[in-house]
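Worksheet: one structure, shown below.
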Amino acid sequence: MSRRQVVVFIGIAGAGLLAVSAAGWFAGLRINLTPSEPLGLWRIVSVKRPVARDDLVFVCPPPTAVFALAFERGYLRRGLCPGGFAPLIKTVAALPGQRIEVAGNVVIDGAALTHSAVRARDGADRPLEPFAGGIVPAGFVFLTSPYEASYDSRYFGPVPANGVLGLARPLLVFDP
């Protein structure tokens, strides 16, 4: 194969890969590479009702200073959400009006949330600032993950519910 043929082949293969990726993106397919939920291929399913507690959702983090720092630290990946962040997969743990307390773990309306230990430092020994707690405001949701080291609302607090892209449904996932 000549050098020109190799370049053409690589160009065609790259364009094909880009086309397949774009088609998957617009079809609501996402690849999860974080341990917060099982690794693999997921689909965003539109929510035709208000988001509820225990819904597993894809959500765009808002473009705030907290998420900019999280991106710098590597807690978030680059993506197409506002601010250039990738969507997160998290479980809705609390809705507007619910009281959140964050100390050694998360307590919602007086009930301790399982798998919600709050860490003082991340895996690189940098300090983590927990959410101060309070009432989830109207139009917001409080998100968690069963993964103990997850970066979730324990640290960034409630996020706007209008950032929810849809329900997260696994298509082909691998539990470690």
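General remarks:
- Residue within the range 73-96 that is more than 30 Å from residue 121 (Cβ to Cβ), at pLDDT 75 or above and not hydrophobic (A, V, I, L, M, F, W, C) present: yes
- Residue check for residue 136: among the β-branched types (Val, Ile, Thr), under 18 Å from the mean Cα position of the chain (by Cα) and closer than 25 Å to residue 47 by Cα: no
- Tally, over the range 122-133, of residues that are closer than 19 Å to residue 61 by Cβ, free of Cβ contacts under 8 Å to residues at least 40 places away in the same chain, surrounded by fewer than 15 Cβ atoms within 10 Å (Cβ to Cβ) and not aliphatic (A, V, I, L, M): 1
- Scanning the range 76-96 for residues that are in contact (Cβ under 8 Å) with a residue 12 or more places away in the chain and open to solvent by 60 Å² or more (accessible area, probe 1.4 Å) yields 77, 80, 82, 96.
- Complete set of residues in the range 141-167 that are in contact with a strand residue (DSSP E or B) (Cβ under 8 Å, 6 or more places away or on another chain) and open to solvent by 50 Å² or more (accessible area, probe 1.4 Å): 146, 165
- Condition met for residue 138 (within 18 Å of residue 74 (Cβ to Cβ), touching a residue at least 40 places away in the same chain (Cβ under 8 Å) and open to solvent by 30 Å² or more (accessible area, probe 1.4 Å)): no
- Selection status of residue 50, open to solvent by 60 Å² or more (accessible area, probe 1.4 Å), more than 14 Å from residue 155 (Cα to Cα) and of a type outside the set (Asp, Glu): yes
- Among residues of the range 165-176 that are β-branched (Val, Ile, Thr), those with a beta-carbon under 6 Å from a residue that is surrounded by 12 or more Cβ atoms within 10 Å (Cβ to Cβ) at least six positions away or on a different chain give the pairs 173/38; 173/40.
- Residue selected from the range 2-56 under the condition on the phi > 0 side of the Ramachandran plot and outside any strand (DSSP E or B), by the criterion modelled with the lowest pLDDT: 28
- In the range 97-110 there is at least one residue that is under 14 Å from residue 51 (Cβ atoms), in contact with a strand residue (DSSP E or B) (Cβ under 6 Å, 6 or more places away or on another chain) and either crowded, with 19+ Cβ neighbours inside 10 Å or not small (Gly, Ala, Ser) (or both).
The values are calculated or read from the model by the stated rules, or taken from the named source; none is laboratory data. This is a predicted model, so every value here is computed, not measured. All Cβ positions, even for glycine, are placed from backbone atoms using ideal geometry, and neighbour counts span all protein chains on display. Please note that ligands, DNA and RNA were not included when accessible areas were found on the heavy atoms of the full protein model with its side chains. Shrake-Rupley method; radii C 1.70, N 1.55, O 1.52, S 1.80 Å.
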